[in-house]
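Here the structure comes first, spelled out in structure tokens, and everything after it is commentary.
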Amino acid sequence: MLQSIKSLFSQPSAPVLTGDEVSITALIIPADGTSPRLATLTTTLVFSDGHMGSDMHYWPDMRPFWGSGIPWQYRDMVRVDITDSDIPRLNGCYWGFKSFALHDLPLNKHVAHGICGDACIVKMAPHRYGERGHRIIRLQGREFTDYRNELGRYMVYDDVLPEILGTGVWREVLGKLAEV
């Protein structure tokens, strides 16, 4: 009985973010101009490498597409919030990732300039803030309240949905990515 009462007032435990890499579904926009495709990528720790975006702690690992040398170091990203998609499930916060290593990767044929090699688009897990200012993250169908502000420094990724392929959402993110 006591356990039943306790469960009414307890919060689900926070997601385990131990610094381990996670797998996410991302949208890859190939440099050769072929159709974008969904791919499973692993995130990788970039916090201590001193290059662009290291404050995000974990990036989708684009080294299989760019290599681990100059193209990986010459990287950039942009955040785009989509709020008016015809498919409401596609609304949310997206990040586009690119390399700008002009001498090492071909220009991406999906844009006129600004992106070298394949580009990557990921979606962030939705979150909101509770009445006392604590971040609430929805992840894998469950909500977690970050009472101790432990999750603020981590990017919490969600999978990119297949419906994105038939919309202009990915083109909007790619266009903004080409501008940075």
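The values are calculated or read from the model by the stated rules, or taken from the named source; none is laboratory data. Just so it is clear, the model here is predicted, and its values are computed rather than measured. For neighbour counting, all protein chains shown are included, and Cβ atoms are generated from backbone atoms with ideal geometry for every residue, glycine included.
For Leu90, which of the numbered conditions (1) in contact with a helix residue (DSSP H, G or I) (Cβ under 7 Å, 6 or more places away or on another chain); (2) within 30 Å of Phe144 (Cα to Cα); (3) surrounded by fewer than 16 Cβ atoms within 10 Å (Cβ to Cβ); (4) not β-branched (Val, Ile, Thr) fails to hold?
For Leu90, the exception is condition (3).
In region 73-87, what residues are touching a residue at least 60 places away in the same chain (Cβ under 8 Å) and either touching a Phe, Trp or Tyr at 6+ places or on another chain (Cβ under 9 Å) or among the aromatic types (Phe, Trp, Tyr) (or both)?
Hits for region 73-87 are Asp76, Met77, Val78, Val80, Ile82.
Of everything in region 88-111, what is closer than 19 Å to Leu165 by Cβ and without any contact (Cβ under 8 Å) to a residue 24 or more places away in the chain? Give them in sequence order.
Pro88, Asn91
If you go through region 29-38 one residue at a time, do you hit one that is surrounded by 14 or more Cβ atoms within 10 Å (Cβ to Cβ), assigned to a loop (DSSP other than H, G, I, E, B), among the hydrophobic types (A, V, I, L, M, F, W, C) and modelled with pLDDT under 60?
Looking for residues that are surrounded by 14 or more Cβ atoms within 10 Å (Cβ to Cβ), assigned to a loop (DSSP other than H, G, I, E, B), among the hydrophobic types (A, V, I, L, M, F, W, C) and modelled with pLDDT under 60, one finds none in region 29-38, hence no.
So, of the residues in region 97-120 that are surrounded by fewer than 24 Cβ atoms within 10 Å (Cβ to Cβ) and among the aliphatic types (A, V, I, L, M), which turns out to be farthest from Pro60 (Cα to Cα)?
For region 97-120, the residue satisfying everything is Ala112.
Looking at region 62-121, which of the residues that are in contact with a Pro (Cβ under 7 Å, 6 or more places away or on another chain) and aliphatic (A, V, I, L, M) is nearest to Pro30 (Cα to Cα)?
The selected residue is Leu105.
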